[in-house]
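First up is the structure itself, then whatever we jot down about it.
Every number here is computed from the coordinates shown, using simple stated rules; none is lab data. Keep in mind it's a predicted model, so treat the numbers as computed, not measured. Note that we place each Cβ from the backbone using ideal geometry, even for glycine, and neighbour counts take in every protein chain shown.
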Amino acid sequence: MKPASLIVSLSLFVGISLAALGAMLMLAGTSGTPRFAQVQDASPTVGATSTPTPDIPPSTPFPTSTASQTLRPAPTFEPATLTPPLIPSATPSPTATLGISVDLPDIHGLETATPSTTPGCEPRKDWKLTYTVQPGDALARIADTYDTYASDLAEGNCLADANVITAGQTLRVPGDAHPSVPEWVCETWEVLTPMDWAVGVDGGGQMTFNWHGSNGTRNLIRVYDANGNLFWERTVDLRQNETISLQAEGITGGEYTWQVYPLDLGFKQIPCLESPKWHFNVRAAAATQSPSVP
């Protein structure tokens with residue numbers, strides 16, 4: 001066959017196929033049922049005869065692939081039943097027992113008091129004088145009073161320990177007569193308050209005279225003004241201090257000196273010197289104003 005005749009034949013075939021395809025599409029549009037046709041490649045092949053492909057029957061639509069999820073009811077939470085722990089029966093605590101009967105071989109009770117006298121010893125019979133030990137006494141002080149030694153007193157009284165004597169104990173002492181004990185003891189004077197040359201003492205307050213020295217049964221306190229004239233005095237019994245109100249006693253300002261005299265019960269100075277004069281300065285008290293009456 002000539003090429004020109006072949007081309008014409010192919011053109012006719014293609015045209016007929018297209019017309020058939022259009023008819024099929026039109027038919028499908030009117031029936032409402034889609035119809036599909038498989039169209040093979042219409043490329044012309046030299047020496048090959050084309051065979052029409054039979055129609056493919058309509059396919060059944062696939063089921064919906066989306067799976068619907070059904071929600072399950074929420075689980076009900078049931079708390080676990082707690083098993084109460086076993087409570088042990090109360091056991092009384094053991095009470096500590098104090099052992100009363102304790103036998104410790106290395107522990108001893110109170111030792112027997114050391115005897116105050118030496119067994120088999122007898123006090124000196126040639127000492128005719130006796131002395132009664134007073135509270136606070138010491139054998140050395142007693143020995144000084146009777147002009148002897150503490151060791152001699154201990155030996156003459158058969159004392160086991162010269163450092164151990166008791167109040168009320170009777171001792172033999174040497175001598176023909178008891179030595180005279182001075183009624184008064186003169187001591188060095190010492191001022192405590194107000195300190196010597198104290199300044200700025202408040203004239204509206206109080207002041208305490210406090211000292212240490214020869215202690216009479218009574219003590220006379222005298223205050224002198226700046227000119228040396230006696231300004232104020234007072235006696236106190238059995239003590240070495242006195243507190244006064246300066247304003248009440250008229251000591252309100254200026255320079256003052258004061259002195260102490262140790263006296264006996266008859267207001268006479270004992271055989272001890274009076275104290276030196278001590279000085280103090282008083283600051284004038286602030287004047288108080290009467291409240292004005294409106």
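Overview of results
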read-out	value
Cα gyration tensor, the stretch 162-210 - rounded (a/c under 1.5), prolate or oblate	prolate
The stretch 115-181: relative contact order as a whole-number percent, Cα under 8 Å and 6+ apart	50 percent
Most to least packed among 213-226, 122-135, 161-174 [average Cβ atoms within 10 Å]	213-226, 161-174, 122-135
Protection-proxy order for peptides 200-206, 148-154, each taking the mean of Cβ atoms within 10 Å per residue, highest first	148-154, 200-206
Residue order, fewest to most surrounding Cβ atoms within 10 angstrom, among 278, 232	232, 278
Table column - 3J(HN,Hα) (Hz), the stretch 158-167, Karplus curve with 6.51, -1.76, 1.60, x for Gly and Pro	6, 7, 6, 9, 5, 8, 10, 9, 10, 4
Label-point gap, in nm, between residue 192 and residue 141 - each point 7 angstrom along Cα→Cβ	2.0 nm
Stretch gain in nm, segment residue 134-residue 16, where the contour uses 0.36 nm per residue and the Cα spacing is subtracted	25.9 nm
FRET efficiency, residue 243 to residue 183 (Cβ-Cβ, R0 35 Å, nearest 0.05)	0.75
Least to most buried among 255, 183 (fewest other Cβ within 10 Å first)	183, 255
Tensor-based shape of the stretch 115-181 (alpha-carbon gyration tensor, a/c under 1.5 rounded, otherwise prolate or oblate)	oblate
